[in-house]
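Working notes, structure below.
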Amino acid sequence: MAWTRKDLLGLEDLSREEIELILTTAESFKQVSTREIKKVPALRGKTVVNLFYEPSTRTRVSFEVAAKRLSADVINIATETSSVKKGETLVDTGRNIEALKADIIVIRHNASGAAAVLSRHVNISVVNAGDGWHEHPTQALLDIFTLKEKLGKISGLNVSIVGDIAHSRVARSNIWGLTKLGAKVTVCAPKMLIPVAIEQMGVRVTENIDDALSCADAVNVLRMQFERDEENVFPKQLEYFKNFAITEERLKKAKKNIVVMHPGPINRGVEMSSEVADGANSVILEQVTNGIAVRMAVLFLVAQAKDKLKNHEDID
Ligand code: CP
């Protein structure tokens, strides 16, 4: 199949075939990073702008590395030091970036739907690098890519997502992606961190961590976002660790080869112990490495689709 979208806004909208196309494209890009000269000319002459309204280490650097490995020019805008501080709107900022002849905007924003709003107001490509609690599609794609690399398939796997499901765009994108590819997903959290009607997304819900781990082929552990606990209803850190953290003791009761993932940043000693984070089952740093190939694939596909659309517009 051919990729036809100029944007990547989320996994909810994508078909199984489109997700598989990104994953197979990423497989072919992965070996570029193993070469002595880690570059291909696929996006030579293109400009990628990283527009980040929220802090980020992995995603921003990974998009920058990915774009540079495709030979694109990269500009990073930290909104703290941009005209956003003077009150410029998202749409105005996007239109100005377009007027500066950029080709792709990679956006992270604290508001759910920000990437979709931007995509409706600019003709250049928009890639969602995380919008509020809504979606973080490239994180889920790199999680799925890593799982497939480790276990050889996605269909039929039991994957448990543990932690702050309610505030997690990573959880939502993983649920869309994994269920479309045929995995069985369980979410596990204290009651107040499980969104109402999450079962309608096709997942099983449990508040028992041992239950979540007992038949899991993989566990994706989410960061506890204590900064969002405005109403002071979250369990305290020690209480959370005692009841939900992934520890060596708990892993002993799980499948021997269970794959342990975390999107980062980790709260060590809160959602998982350091022994697990750095242990034999952890693929956390492999996820980070795979993020480059996945983001190369996404940037390549949206740029190619945009070029095809432009050629059609020119012919018309
Ligand atoms: N996983 C993730 O999105 O990390 P950053 O916030 O560091 O980009």
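Which ordering of R169, R223, R16 is given by a fewest-first count of other beta-carbon atoms within 10 Å?
R16, R223, R169
Using DSSP to call loops (not H, G, I, E or B), can you name the trypsin sites (Lys or Arg not before Pro) in region 224-271 whose Cβ has at most 14 other Cβ atoms within 10 angstrom?
Here the sparse-neighbourhood loop sites are K236, K252, K253, K256.
For the pairs K68/K310; K6/K101; K148/K256; K191/K242; K153/K306, note any where the Cα-Cα span goes beyond 21 Å.
K68/K310; K153/K306
For the chain, return all DSSP H helices satisfying: extent of Cα atoms along own axis at least 24 Å; mean Kyte-Doolittle hydropathy at least -1.0.
284-315
Report, for the chain, the % of DSSP beta bridges that are antiparallel, rounded to 5. It would help to have the intermediate numbers written out before the result.
Values: 1 of 36 bridges.
The antiparallel fraction comes to roughly 5 percent.
Considering only E286, E199, E88, give the residue with the highest GNM mean-square fluctuation for the chain, with springs between Cα atoms whenever their separation is below 10 Å.
For the chain, modelled as a Gaussian network with Cα springs under 10 Å, the answer is E88.
Stretch T24-A111 to full length: gain in nm at 0.36 nm per residue minus the Cα-Cα span?
Working it through step by step, the gained length comes to 28.2 nm.
Could you compute the FRET efficiency for K255 and K308, with r as their C-beta to C-beta distance and R0 at 51 Å, rounded to 0.05? Could you put the intermediate results ahead of the total?
On the way: r = 44 Å, r/R0 = 0.87.
Approximately 0.70, to the nearest 0.05.
Which entries of K39/K308; K38/K180; K184/K308 have Cα-Cα distances beyond 27 Å here?
K38/K180; K184/K308
Give me the compactness ratio for region 137-287, meaning the Cα radius of gyration over 2.2 N^0.38 Å.
0.94
Can you give me the Cα centroid spacing of region 38-71 and region 192-237 in angstrom?
What the calculation gives is 32 Å, centre to centre.
Please report the equivalent ellipsoid semi-axes of the chain, computed as sqrt(5 x eigenvalue) of the Cα gyration tensor, largest first, in whole Å.
Taking √(5λ) for each eigenvalue gives 33, 22, 18 Å, largest first.
Which of T93, T138, T47 comes first, and how do the rest follow, when ranked by fewest Cβ neighbours within 10 Å?
Listed from fewest to most nearby Cβ atoms, that is T47, T93, T138.
Could you put I75, I246, I258 in order, starting from the residue whose Cβ has the fewest other Cβ atoms within 10 Å?
Details: I75 14, I246 29, I258 17.
Listing I75, I246, I258 from fewest to most nearby Cβ atoms yields I75, I258, I246.
Modelled label-to-label distance, T247 and R5, 7 Å Cα→beta-carbon offset: nm?
Reported label-point gap for T247 and R5 is 4.1 nm.
Run down the aspartates and glutamates and flag those whose C-alpha is under 17 Å from the C-alpha of K86, throwing out any fewer than 8 positions away in its chain.
E54
As a test of the formula, what do you get for the chain when each DSSP H run with n ≥ 4 contributes -39,500 (n - 2.57) and the sum is divided by the residue count, at 222 nm and rounded to the nearest 500 deg cm²/dmol?
Value at 222 nm, helices only: -12000 deg cm²/dmol.
Quick note: the coordinates plus some simple rules give every number you see, no bench work behind them. Bear in mind the structure is a predicted one, so any value in this text is a computation, not a measurement. Cβ sites come from the backbone with ideal geometry, for glycine too, and all protein chains shown count toward neighbours.
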